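The values are calculated or read from the model by the stated rules, or taken from the named source; none is laboratory data. Computed from a predicted model, the values in this text were never measured in an experiment. Glycine also receives a Cβ, built like all others from the backbone with ideal geometry; neighbour counts cover every protein chain displayed. Calculation scope for accessible area: heavy atoms of the full protein, side chains included, ligands and nucleic acids excluded. Shrake-Rupley method; radii C 1.70, N 1.55, O 1.52, S 1.80 Å.
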Amino acid sequence: VPWSEYRYYDPKTVGLDFEGMIEDIKSAPEGSFVLLHGCAHNPTGIDPTPEQWEKIADLIQEKNHIPFFDVAYQGFASGSLDEDAASVRLFVARGMEVLVAQSYSKNLGLYAERIGAINVISSSPESAARVKSQLKRLARPMYSNPPVHGARIVADVVGNPVLFNEWRAEMEMMAGRIKNVRQQLYNSITSKDNSGKDWSFILKQIGMFSFTGLNKEQTDNMTNKWHVYMTKDGRISLAGLSLAKCEYLADAIIDSYHNVS
């Protein structure tokens, strides 16, 4: 299947290149599948705004594209399952055919089970029957029958109102902790850095990850001098950061950004 990338991350603003994204989706051949992250974009932590999602949906509908959502972090962006599903539900509400790859590995702590689901919204019962037969043809040579243990855990939690509400509350608490760490990191950096650089992108990003805007040489400095281990594209995992380490990380980022080119 021929494929190509569309623009998304803008290194100049450490934000979303929305105009580039729209331009590339518009120039894609009509009827293309467009891969989208439903929320908490990995690796950047940059999500479109609700208004931008509307424009993306307008364009995909206009071009007869088919949206394929990767939903790996539902609940980890805002802390709300419903709010984090808003992008997907927007497309479904318009009557579009939609594919959603849904993971429960993260939000239910079931990494070892690798549990998830493929959800397909079709335009008619006949289309749904054809899609189902194709999915069965794909599943049969790969795994035939998926492991049932993780799926039953998810079904028990989602199907039991008491457990479901407990899960929602715990997810909100976990997302809140990540938000607190994100805010503290921003506060630590802005209180120490007097250069006038705008660090607000840290707060505009969402979810477990943050793109710091650091390049490979700067991330090497983070590791070699400060013993902060991160990916070479500048991404850090805020889920692995504690409030107590925000000051230290801020010092490392400021030093690496200003003293290493």
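Looking only at helices (runs of 4 or more DSSP H) that fall completely inside the stretch 174-261, which ones have 3 or more residues that are open to solvent by 30 Å² or more (accessible area, probe 1.4 Å) and out of contact with any helix residue (DSSP H, G or I) (no Cβ under 6 Å at 6 or more places or on another chain)?
Filter on the stretch 174-261 gives 216-224, 246-259.
Here is a yes/no grid of residues against (1) in contact with a strand residue (DSSP E or B) (Cβ under 6 Å, 6 or more places away or on another chain); (2) farther than 30 Å from ARG168 by Cβ; (3) at pLDDT 95 or above:
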site: ASP10; (1), (2), (3): no, yes, no
site: ILE22; (1), (2), (3): no, yes, yes
site: LYS26; (1), (2), (3): no, yes, yes
site: GLU30; (1), (2), (3): no, yes, yes
site: ALA40; (1), (2), (3): no, no, no
site: SER78; (1), (2), (3): no, no, no
site: ALA86; (1), (2), (3): no, no, yes
Inset, instruction - Return yes or no: is LEU238 outside the structural domain of ASP84 (by the TED database), aliphatic (A, V, I, L, M) and under 18 Å from ASP10 (Cα atoms)? - result: no
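Take PRO141 and tell me if it is outside the structural domain of MET174 (by the TED database) and over 28 Å from the mean Cα position of the chain (by Cα).
So PRO141 passes the test.
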Legend entry - Checklist (1) of a type in the set (Ser, Thr, Tyr); (2) touching a helix residue (DSSP H, G or I) at 6+ places or on another chain (Cβ under 9 Å); (3) not in a loop (DSSP other than H, G, I, E, B) applied to SER133, failing item: (2)
Inset, instruction - Pairs only if they're at least six apart or on different chains, beta carbon under 6 angstrom, first in the stretch 213-238 and of a type outside the set (Val, Ile, Thr), second open to solvent by 50 Å² or more (accessible area, probe 1.4 Å) and assigned to a helix (DSSP H, G or I); list them, first residue then second. - result: LYS232/LYS216
Legend entry - Matching residues, the stretch 139-177, being without any contact (Cβ under 8 Å) to a residue 40 or more places away in the chain, among the β-branched types (Val, Ile, Thr) and under 17 Å from GLN102 (Cα atoms): VAL148, VAL158
Legend entry - Conditions (1) modelled with pLDDT under 95; (2) open to solvent by 100 Å² or more (accessible area, probe 1.4 Å); (3) assigned to a helix (DSSP H, G or I): number failed by VAL162: (1)
Inset, instruction - Being aromatic (Phe, Trp, Tyr) and under 24 Å from PHE76 (Cβ atoms) is the filter here, so list the residues in the stretch 217-261 that pass it. - result: TYR229
Inset, instruction - For PRO147, state whether it is open to solvent by 60 Å² or more (accessible area, probe 1.4 Å), over 23 Å from ILE56 (Cβ atoms) and in a loop (DSSP other than H, G, I, E, B). - result: yes
Legend entry - Long-range neighbours under 7 Å by Cβ, at least six apart or interchain, first residue in the same structural domain as ALA57 (by the TED database) within the stretch 83-101, second open to solvent by less than 40 Å² (accessible area, probe 1.4 Å) and among the polar types (S, T, N, Q): ASP84/GLN74; ASP84/SER78; ALA85/GLN74; GLU97/SER122
